[in-house]
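All remarks here apply to the structure that follows.
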Amino acid sequence: DTSRVRNKAFLSKIMSAEQAAELVPNGAIVGFSGFVGSGCPLLVPPKLAERAKRLHAAGQDFKISILSGASTDPNVDGVLAEAEAVAFRTPFFTDKNLRAAVNSGKTGYMDVHLSSLAGQVEAGFFGKMDCAIIEVTGITEEGKLIPSTSIGNNPLWLKLADKIILEVNTIQPPELEGIHDVALLGIAPNRKPIGINRVSDRIGSPYMDVDPNKVVAVVLTESGDRVNKFNPPDPVSTAIGDHVVAFLKQEEAAGRLPKGRLLPLQSGIGNVANAVLAGLARAGYRGLECYTEVIQDGLLYLIRDGVVDMASTATISLSPDAVAEFRRDVAFYSKHIILRPQEFSNNPEVIRRIGVIGMNGMLEADIYGNVNSTHIMGTGMMNGIGGSGDFARNGYISIFLTGSTAKNGAISSIVPFAAHIDHTEHDTMVVVTEYGFADLRGKCPRDRARAMIAIAHPDYRPMLQDYFDRACAQPKPGQTPHILSEALSWHDRYVKTGTMKP
Ligand code: 0RQ
């Protein structure tokens with residue numbers, strides 16, 4: 001179906017995914033489209049993986065560097081990691097094959113704030129981008145590109161890459177045309193202030209620009225985004241959602257948040273984030289705004305129900321049921337959703353100015369509020385920092401959410417000392433578990449510790465209290481008391497015995 005390729009000059013570039021995959025050289029730095037599984041090229045990467053396997057079998061090298069928006073699809077990171085074809089990866093992933101490659105040291109991974117990558121690549125910190133492989137939903141008569149369900153860093157990849165491969169995906173509804181707000185931020189000293197003063201402000205164009213002379217291949221495809229599955233909210237995530245609402249109500253009552261309207265919300269990915277959104281709906285909010293990076297099922301349903309009136313995002317990443325709901329009335333959703341490049345959806349300056357309430361999951365926090373979002377037991381990479389740092393550091397209020405334990409209680413999510421720190425105590429304002437919220441704002445370290453211990457799991461609370469009491473009782477306890485020889489002993493015990501409990 002070539003109907004989406006409305007500019008004739010691109011028709012002559014149509015070829016198979018296999019042919020397109022031949023155009024990517026060994027060692028290439030490749031910019032991929034894709035953000036939380038949406039808008040990824042799905043045909044060329046598997047062919048690239050097959051080619052890598054053939055070359056490896058013949059004793060030849062073939063590896064590339066993958067720069068994306070955020071996490072991609074099993075047909076991108078998964079197949080290429082499985083083919084041992086990924087030399088380097090940034091800025092975020094969730095694929096288990098790639099996780100194994102990263103944690104064995106075979107693939108280099110750099111964990112970068114999602115808002116920062118484009119500027120750093122444009123500045124040349126990552127080398128010259130050789131290729132871009134970008135999914136679009138169409139090419140206009142004028143030769144402009146209609147983005148797909150995510151924009152990510154695509155406008156910049158299209159600008160920087162020498163060779164461009166486009167996958168034109170006809171499965172995405174044509175009504176997506178117009179939902180995007182595309183712009184380039186540029187780099188210092190030529191960066192300008194961003195004119196986004198309200199969530200609904202548009203500052204760019206619905207289309208992405210491309211130099212047609214750089215387009216070496218157009219591949220036609222009809223393949224759906226990655227399937228995301230959600231569990232119905234469990235008692236732990238429901239309790240977390242209720243505590244978040246209680247906190248927000250407290251802030252409204254104290255006059256620190258606009259009554260009934262709050263401020264623009266950001267919520268991370270996964271089941272806990274969905275449960276928090278469900279809590280907002282139960283609490284009777286209407287007409288809220290979101291300045292966020294991901295629209296998952298929960299947020300889509302809040303838009304349908306009028307709980308959320310306007311959402312700015314970098315991606316729409318839905319389960320099959322929610323995709324069906326989105327398709328039922330794309331025109332309606334297009335009025336309430338703006339899709340932006342991640343330099344804008346996650347922009348620190350905008351987030352701070354419009355006063356976003358950031359809500360993100362985490363692996364663990366320590367008693368003083370340092371947060372580990374990425375490294376299991378301080379060493380194994382989970383997914384990456386993603387956008388959590390963009391929102392946590394710059395939010396009007398930054399909230400971290402977690403169940404009080406992991407792995408059936410063998411791990412406490414509140415520990416004496418975080419084994420890796422993504423968000424320092426300076427960026428963490430509120431931590432929520434199923435046992436309540438710890439409000440760390442305006443508190444010194446000792447008071448922060450008391451608040452954090454109070455929301456730990458009851459099995460671990462006395463252990464934390466004992467650690468804290470003994471740390472404070474040392475001859476020179478300092479501003480932030482720790483027993484250095486014990487600070488990581490809980491992690492050490494888990495690694496050696498399979499539980500943090502003695
Ligand atoms: O693993 O399923 O194998 O048991 O981590 O944990 O409790 O399901 O929590 O889905 O909210 O994910 C930090 C990973 C939390 C996520 C993280 C294990 C646990 C389970 C998942 P299993 P849960 P969530 C927006 C913002 C960084 C990026 C970000 C994340 C698995 O929130 O990736 O915020 N954040 N982006 O068992 C060891 C601990 C653990 C632990 C949980 N303390 N130690 N393992 N787990 N706590 C989106 C983007 O940026 C694109």
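Computed from phi, the 3J(HN,Hα) profile of the stretch 487-502 under the Karplus parametrisation 6.51, -1.76, 1.60 (θ = phi - 60°) reads 4, 10, 5, 5, 5, 4, 5, 4, 4, 7, 10, x, 8, 7, 7, x Hz, with x in place of Gly and Pro. For the residue pairs K96/K229; K8/K214; K106/K407; K53/K214; K13/K214; K249/K443, the alpha carbons lie more than 18 Å apart in K106/K407; K53/K214; K249/K443. An oblate overall shape is assigned to the stretch 389-491, the ratio a/c of its alpha-carbon gyration tensor axes (a ≥ b ≥ c) being 1.5 or greater and a/b not exceeding b/c.
Once Rg and the Kirkwood radius are both taken over the C-alpha atoms of the chain, their ratio Rg/Rh works out to 0.99.
For the stretch 244-319 versus the stretch 7-49, the inter-centroid distance based on Cα atoms is 36 Å. Counting only DSSP beta bridges with both residues in the chain, the antiparallel share comes to about 25 percent.
The longest part of the chain holding none of the exposed loop GluC sites (Glu not before Pro), meaning those outside H, G, I, E and B in DSSP with at most 11 other Cβ atoms within 10 Å, is 143-502.
Directionally averaged projected area (the stretch 108-224, Cα convex hull): 8.8 nm². Tally Lys/Arg at +1 and Asp/Glu at -1 over every other residue whose Cβ is under 14 Å from the Cβ of M500; what's the total? Cβ neighbours under 14 Å give a net charge of -1. Taking all Cα pairs closer than 8 Å and separated by 6 or more residues, the relative contact order of the stretch 24-170 comes to 29 percent.
With an a/c value of 1.5 or above and a/b not larger than b/c for the gyration tensor axes a ≥ b ≥ c computed over the alpha-carbon atoms, the stretch 10-55 is described as oblate. For the stretch 1-93, a/c is not less than 1.5, where a ≥ b ≥ c are the root eigenvalues of the C-alpha gyration tensor, and a/b does not top b/c. That puts it in the oblate class. Close amide-amide hydrogen proximity is noted between A132 and G31, K163, I164, I165, each under 5 Å apart and 5 or more residues distant or on a separate chain (H modeled in the peptide plane; Pro and chain starts excluded). Backbone amide hydrogens, once placed in the peptide plane, bring G361 within less than 5 Å of G268, I269, L401, excluding anything fewer than 5 places away on its chain. Here the Karplus relation 6.51 cos²θ - 1.76 cosθ + 1.60, evaluated at θ = phi - 60°, turns the backbone of the stretch 269-275 into coupling constants of 9, x, 5, 5, 4, 4, 5 Hz, with x for every Gly and Pro.
Where a number appears in this text, it was derived from the coordinates with a stated rule and is not lab data. Note that this is a predicted model, so its numbers are computed, not measured. Glycine gets a Cβ as well: all are built from the backbone with ideal geometry, and neighbour counts include every protein chain shown.
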